[in-house]
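Worksheet: one structure, shown below.
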Amino acid sequence: MSAIAEVRLWEIVEEAARTVTDETGRFRKGDLESEVRKRLSGADLEAHVQAAALDKLAHGLVRGFGERRSPNPRRRSGMFHPRGILKLGSGIWVWMELATPTDLLEWGRLSTRNLARVARAEADRQDYVAERLDAFRLHNGLLLGQLERIVFGYIHDAQSSPDLDADEE
């Protein structure tokens, strides 16, 4: 997928999000999906952007397939299912029915690493929330954007990506 097409796709999604946002800054995911679908189905959409959208669709379907087929510890019949999939990392998946002891061990290790990463992210999120709530109590009537700029010194960097995870790359 070309970088230009990907940027255009994200612009389409952001424009759609702005369209469905109400006066309080809120919008519904379902409304956004409908608006994006409408914009992507337009006859005037460039071929390279259509191809990028198809790539995103395929990626999402494959990700969803993997999520649906991953073992579920809450399944009454147990975690094993012959059509289940173990994700081994680096884009390698194996059908549960054909998994080796090494595959099972790697899947378990990956799960532990993911849990640790999620726990760290959650701790950071809760620290952020607590710090901002304390600041809100001291600066009554502000919205988060105002609080970030006034109290925490946020300055928009025009060079930074609007995608929150892209700044970390």
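Scan the stretch 14-38 for residues that are of a type in the set (Ser, Thr, Tyr) and part of a loop (DSSP other than H, G, I, E, B) and jot them down. Scanning the stretch 14-38 gives Thr21, Thr24. When Asn72 is tested against (1) over 17 Å from the mean Cα position of the chain (by Cα); (2) at pLDDT below 95; (3) under 30 Å from Ala5 (Cα atoms), just one condition goes unmet, and that condition is (3).
Conditions (1) of a type outside the set (Asp, Glu); (2) open to solvent by less than 70 Å² (accessible area, probe 1.4 Å); (3) at pLDDT 95 or above, marked per residue:
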| position | (1), (2), (3) |
| --- | --- |
| Phe80 | yes, no, no |
| Glu97 | no, no, yes |
| Glu106 | no, yes, yes |
| Arg109 | yes, no, yes |
| Asp127 | no, no, yes |
| Leu147 | yes, yes, yes |
| Ile150 | yes, no, yes |
| Asp165 | no, no, no |
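With respect to the conditions (1) open to solvent by 90 Å² or more (accessible area, probe 1.4 Å); (2) farther than 30 Å from Leu144 by Cα; (3) not aromatic (Phe, Trp, Tyr), Leu40 falls short on a single one, namely (1). When residues in the stretch 39-82 are screened for being farther than 30 Å from Leu143 by Cβ and either among the hydrophobic types (A, V, I, L, M, F, W, C) or assigned to a helix (DSSP H, G or I) (or both), 28 of them pass.
The values are calculated or read from the model by the stated rules, or taken from the named source; none is laboratory data. Since the model is a prediction, treat every value here as computed from it, not as a measurement. Counting neighbours? That spans all protein chains shown, and the Cβs are built from the backbone with ideal geometry, glycine included. What goes into the accessible areas is simple: the full protein's heavy atoms, side chains included, and nothing from ligands, DNA or RNA. Shrake-Rupley method; radii C 1.70, N 1.55, O 1.52, S 1.80 Å.
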